[in-house]
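The structure appears below as structure tokens.
The values are calculated or read from the model by the stated rules, or taken from the named source; none is laboratory data. Computed from a predicted structure; not experimentally measured. Cβ coordinates were reconstructed from backbone atoms using ideal geometry, including for glycine residues, and neighbour counts include every protein chain displayed. When the accessible area is computed, the model is the full protein with side chains, heavy atoms only, and any ligands, DNA or RNA have been set aside. Shrake-Rupley method; radii C 1.70, N 1.55, O 1.52, S 1.80 Å.
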There are 2 protein chains.
Amino acid sequence: MVVETLTNDEIDRIFHALADATRRDIVQRVIHEEQSVSTLARAYDVSFAAVQKHVAVLERAHLITKQRHGREQIVHSDMGTLGRAERLLRQYQDLWAGRASRMDALLAEDDETTTQNDPPSKGPTP
Amino acid sequence: MVVETLTNDEIDRIFHALADATRRDIVQRVIHEEQSVSTLARAYDVSFAAVQKHVAVLERAHLITKQRHGREQIVHSDMGTLGRAERLLRQYQDLWAGRASRMDALLAEDDETTTQNDPPSKGPTP
DNA sequence: CTAACGTACAACCAAATGGTTGTAGAAACA
DNA sequence: TGTTTCTACAACCATTTGGTTGTACGTTAG
């Protein structure tokens with residue numbers, strides 16, 4: 001499928017998590033270096049609880065994971081999810097570029113026709 | 001520079017627009033074939049006004065554009081924006097993959113012309 | 001001309017979002 | 001020990017979101 005192994009809900013959570021500058025910045029920070037939640041919180045102008053919520057949103061999207069270390073919760077990135085999101089966007093672009101026919105074949109699940117390009121299916125109303 | 005010309009607000013809007021399955025489906029449809037808003041609306045189980053709002057969200061994110069044709073409003077995709085979003089995600093992955101040095105240089109002074117994604121509030125490394 | 005269609009937009013509503021403060025518990029430190 | 005630090009979570013609030021319905025207006029078809 002065009003959505004790989006991701007469900008719609010998972011994609012929703014990923015893009016929603018990335019639709020906030022603070023959360024994107026958190027992702028960037030922990031990509032660069034794993035940090036505790038309180039260390040992250042000190043970097044922003046909002047309360048600790050607010051940062052905690054941002055981290056929770058990123059965690060629900062599987063963009064980061066937390067690992068307890070003593071009394072601290074260490075946040076580190078989960079690049080696999082980011083990669084899947086990037087690949088999803090790339091697939092849209094591939095569809096837009098010339099590969100539309102092949103993608104259509106995949107989506108339509110019929111590979112018998114060897115015709116390479118033409119507008120075959122008009123309305124795939126799901 | 002390699003840097004995109006996207007502001008934080010624009011990135012917010014792009015990812016927010018993509019964080020909804022109906023809107024992603026609209027993007028897919030109009031990538032495949034340009035369609036009027038009412039044609040799109042017939043494909044979903046919600047009201048015409050709801051689809052109109054979804055289209056407006058996508059338009060605000062510059063993922064699609066509308067073009068009047070008689071009494072119809074034809075929706076077509078704007079792949080450039082999608083490409084910029086995909087490249088942004090890939091930059092995160094490049095950062096993770098080890099090309100950190102160049103990204104670090106970018107991130108260190110990200111408030112100037114870069115506008116790729118600047119930290120929302122406080123300084124980067126206090 | 002009249003009717004139907006496609007669109008725009010306002011008003012309204014329930015639920016989610018993003019923020020706050022406050023309280024409480026577990027771990028580290030003096 | 002007692003205190004500070006880090007985390008978790010509840011309660012609350014304002015704003016946004018995603019949906020509805022209703023109305024109005026331009027355009028096309030009969």
Determine if the stretch A:34-44 includes at least one residue that is within 11 Å of DNA strand D (Cβ to nearest atom), in contact with an Asp or Glu (Cβ under 9 Å, 6 or more places away or on another chain) and closer than 22 Å to residue B:23 by Cβ. no
Taking the condition at pLDDT below 95 and out of contact with any Leu (no Cβ under 8 Å at 6 or more places or on another chain), does residue A:104 pass? yes
For the stretch B:45-71, what are the residues that are within 11 Å of DNA strand D (Cβ to nearest atom) and of a type in the set (S, T, N, Q)? B:47, B:52
Conditions (1) modelled with pLDDT under 95; (2) open to solvent by 40 Å² or more (accessible area, probe 1.4 Å) -> residue B:4 fails only (2)
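Residues of the stretch B:52-70 being part of a helix (DSSP H, G or I) and among the charged types (D, E, K, R), which ones?
B:53, B:59, B:60
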Residues of the stretch A:7-25 being under 18 Å from residue A:77 (Cβ atoms), under 11 Å from the mean Cα position of the chain (by Cα) and open to solvent by 10 Å² or more (accessible area, probe 1.4 Å), which ones? A:10, A:13, A:16, A:19
In the stretch A:26-60, which residue that is more than 11 Å from DNA strand C (Cβ to nearest atom) and without any contact (Cβ under 8 Å) to a residue 12 or more places away in the chain is least open to solvent (accessible area, probe 1.4 Å)? A:28
